[in-house]
1. Any idea how many residues of the range 76-96 are closer than 21 Å to residue 32 by Cα and open to solvent by 40 Å² or more (accessible area, probe 1.4 Å)?
2. State whether the residues of the range 225-237 include one that is open to solvent by 60 Å² or more (accessible area, probe 1.4 Å) and of a type in the set (S, T, N, Q).
3. Against the definition (without any contact (Cβ under 8 Å) to a residue 12 or more places away in the chain, touching a His at 6+ places or on another chain (Cβ under 6 Å) and open to solvent by 40 Å² or more (accessible area, probe 1.4 Å)), how does residue 112 come out, yes or no?
4. Of all residues in the range 216-250, which are of a type in the set (D, E, K, R) and either touching a strand residue (DSSP E or B) at 6+ places or on another chain (Cβ under 6 Å) or more than 18 Å from residue 53 (Cα to Cα) (or both)?
5. Would you call residue 202 among the aliphatic types (A, V, I, L, M) and over 16 Å from residue 168 (Cβ atoms)?
6. Do you know which residues across the range 29-62 are in a loop (DSSP other than H, G, I, E, B), small (Gly, Ala, Ser) and either at negative phi or surrounded by 19 or more Cβ atoms within 10 Å (Cβ to Cβ) (or both)?
7. Check whether at least one residue in the range 165-184 is aliphatic (A, V, I, L, M), over 22 Å from residue 48 (Cα atoms), exposed (fewer than 12 other Cβ atoms within 10 Å of the Cβ) and touching a residue at least 24 places away in the same chain (Cβ under 8 Å), and report yes or no.
8. Looking at 114, 55, which one is at pLDDT 95 or above and in contact with an Asp or Glu (Cβ under 9 Å, 6 or more places away or on another chain)?
Amino acid sequence: MEFELNEKLKLAVFIEIFKFIKNLSDYVSFSCNLEGIQIQVMDSSHVSLLDLALQADWVGTYLCETPIIFSLCNDDFIKILKTVPAKGNYLKCSVDEEHFHIHFKQKDHDKHFQLNTVDIEQEIMCCEDYESDLDFKMAISILDDHMGSIFGEDIEIKCKDDKLYLISYDDKNQKTDITLKTECLEEFNVVDDYDSSFKFCAKYMLFISKLKKIDNIHIYLNEGKPVFFHVTEEGFNFRYYVALKSDEDD
């Protein structure tokens, strides 16, 4: 199996995804077949799950004649990806029985790295999109700005009277209450007379807000289901699920 990324923006997104994964797990597993690459990562607390599908045509040059699953130490992979120049537009990766190879070009030299693959037992979970009574899409840059004001461990998304609020309390019971102007959102969909709130660990939303090379994030909220963060474009499907907290968790 081998693939090449040869577009600047896609390479930047690829690198940011693995920086994001570093917040969740020390290891990352790739499941590859003729159609493309699937990556699933659950954090150590089993609170959040990332499901990422990269289709062969999104990657660029892609070859995988036989399905293969392999895993890497993500910290080592990130160290290498951080050495990719800011204006880089080429990265080639391949895998053999024991090693994962990374190659990229710079103006005055080429670099090649070899990582050991590791054996990790992982069962690929079935993930799906779902409709909800409340969903909204917002710019990552705006989300990042708001998350800079969240000082508590948890965050609550509240919808009432067709208004959205981000609420958080710190360990001194001091409150942050942000009213989102829905006209400034990319999308806002809610059923009539909706009144509900959803609480979850704020750090998982903070991780999302740092995906600077992605423009927008679509957030779906449903009672009894995880918060669903979704980014999709042709050949690229980023699904991220975060479990809600109940009153018993306090």
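The values are calculated or read from the model by the stated rules, or taken from the named source; none is laboratory data. All of these numbers come straight from a predicted model, not from anything done at the bench. In this analysis, Cβ positions are derived from the backbone assuming ideal geometry, glycine residues included, and neighbour counts consider all displayed protein chains. These area figures cover heavy atoms from the full protein model, side chains too; ligands, DNA and RNA do not enter into them. Shrake-Rupley method; radii C 1.70, N 1.55, O 1.52, S 1.80 Å.
1. Within the range 76-96, residues that are closer than 21 Å to residue 32 by Cα and open to solvent by 40 Å² or more (accessible area, probe 1.4 Å) number 4.
2. Narrowing the range 225-237 to residues open to solvent by 60 Å² or more (accessible area, probe 1.4 Å): 225, 232-234.
Applying the additional criterion that residues be of a type in the set (S, T, N, Q) yields 232.
Yes, some residue in the range 225-237 is open to solvent by 60 Å² or more (accessible area, probe 1.4 Å) and of a type in the set (S, T, N, Q).
3. Working: without any contact (Cβ under 8 Å) to a residue 12 or more places away in the chain: yes; touching a His at 6+ places or on another chain (Cβ under 6 Å): yes; open to solvent by 40 Å² or more (accessible area, probe 1.4 Å): yes.
So residue 112 fits the description; yes.
4. Of the range 216-250, the ones of a type in the set (D, E, K, R) are 223, 225, 233-234, 239, 245, 247-250.
Across the range 216-250, the qualifying residues are 223, 225, 239, 245, 247, 248, 249, 250.
5. Numbers: among the aliphatic types (A, V, I, L, M): yes; over 16 Å from residue 168 (Cβ atoms): no.
The answer is no for residue 202.
6. Filtering the range 29-62 for residues in a loop (DSSP other than H, G, I, E, B) gives 33-35, 43-47, 60.
Subsequent filtering for residues that are small (Gly, Ala, Ser) retains 44-45, 60.
Across the range 29-62, the qualifying residues are 44, 45.
7. no
8. Details: 114 fails: in contact with an Asp or Glu (Cβ under 9 Å, 6 or more places away or on another chain).
Only one candidate passes the filter, namely 55.
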